[in-house]
1. Do we have any residue at all in region 51-65 that's closer than 21 Å to residue 186 by Cβ, surrounded by fewer than 18 Cβ atoms within 10 Å (Cβ to Cβ), touching a residue at least 12 places away in the same chain (Cβ under 8 Å) and in contact with a strand residue (DSSP E or B) (Cβ under 8 Å, 6 or more places away or on another chain)?
2. Could you look through region 182-201, keep only residues that are assigned to a strand (DSSP E or B) and in contact (Cβ under 8 Å) with a residue 40 or more places away in the chain, and pick out the one that is nearest to residue 1 (Cα to Cα)?
3. Looking at (1) assigned to a loop (DSSP other than H, G, I, E, B); (2) assigned by TED's automatic domain parsing to the domain that holds residue 187; (3) modelled with pLDDT of 95 or more; (4) farther than 21 Å from residue 220 by Cα, which one does residue 114 not meet, given that it meets all the others?
4. How about region 184-199: which of its residues are out of contact with any helix residue (DSSP H, G or I) (no Cβ under 9 Å at 6 or more places or on another chain) and within 19 Å of residue 240 (Cα to Cα)?
5. Of the residues 75, 86, which is outside the structural domain of residue 222 (by TED's automatic domain parsing), under 21 Å from the mean Cα position of the chain (by Cα) and either in contact (Cβ under 8 Å) with a residue 40 or more places away in the chain or farther than 24 Å from residue 186 by Cβ (or both)?
6. What number of residues within region 137-166 are in contact (Cβ under 8 Å) with a residue 24 or more places away in the chain and more than 16 Å from the chain's Cα centre (by Cα)?
């Protein structure tokens, strides 16, 4: 089976965004007079819940407070999340959230190879748009055949809904699509959708269980920062390219055929 499409997650995969998200949440809390501050360990724990609003709800549920106080916070989730999104997009537009190593190179190679690229993310379209426009210019959205964002009324990862939505809009077989993820929830979603899945863990997800992945690498690699020998032995090259992805995809297809 020949590769037709790469489907990227965003947060932690296209860019290591989570520290910017954490800071944006904390800034929103301060702006709105809410006495919370999420440390890095606290936020790392909260990342097991996908979606910013869902993450807020999980935090509120965990508070040692009366039901009335928790309900009051629940009613403010939309307000908090709007403030957080404004803070985050300002940070992105300020150039403080770089793309992960090798991402731009692989996007460019996919375009040259006529492999379509898509996005399947639980983050909002506004967050995706800010990141893409900052790094890829005003025509950034045109580079993606389908963009599936968390604004859609679909079940969040680890449910496969966003991957199913993207693939169906694309009109491609699951066997011809490869998902690129960084988290266990993302991996579970992609595999439940029937996709070959490459995982490049981030700082926030590096201790999660990726045993179900088809391929796990520290990054996509680049000429400036090639993959180390152990990763090279898995991939067959010092950088992830369309040729390498096709080779691994074909190997899995041949194995399943027999």
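1. no
2. 196
3. (4)
4. 187
5. Selected residue: 86, the only one of 75, 86 that is outside the structural domain of residue 222 (by TED's automatic domain parsing), under 21 Å from the mean Cα position of the chain (by Cα) and either in contact (Cβ under 8 Å) with a residue 40 or more places away in the chain or farther than 24 Å from residue 186 by Cβ (or both).
6. Counting residues in region 137-166 that are in contact (Cβ under 8 Å) with a residue 24 or more places away in the chain and more than 16 Å from the chain's Cα centre (by Cα) gives 2.
Results for (1) modelled with pLDDT of 95 or more; (2) assigned to a loop (DSSP other than H, G, I, E, B), shown as yes or no for each residue.
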{"position": "203", "(1), (2)": "no, yes"}
{"position": "213", "(1), (2)": "yes, yes"}
{"position": "219", "(1), (2)": "yes, yes"}
{"position": "232", "(1), (2)": "yes, no"}
{"position": "238", "(1), (2)": "yes, yes"}
{"position": "245", "(1), (2)": "yes, no"}
{"position": "250", "(1), (2)": "no, no"}
{"position": "253", "(1), (2)": "no, no"}
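Condition check ((1) closer than 20 Å to residue 19 by Cα; (2) out of contact with any strand residue (DSSP E or B) (no Cβ under 7 Å at 6 or more places or on another chain)) across all residues:
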residue: 178; (1), (2): no, no
residue: 181; (1), (2): yes, no
residue: 184; (1), (2): yes, yes
residue: 199; (1), (2): yes, no
residue: 208; (1), (2): yes, yes
residue: 212; (1), (2): no, yes
residue: 223; (1), (2): no, yes
residue: 226; (1), (2): no, yes
residue: 229; (1), (2): no, yes
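The values are calculated or read from the model by the stated rules, or taken from the named source; none is laboratory data. Worth saying up front: this structure is predicted, and the values here are computed from it rather than measured. Cβ atoms come from the backbone with ideal geometry, glycine included; neighbour counts cover every protein chain shown.
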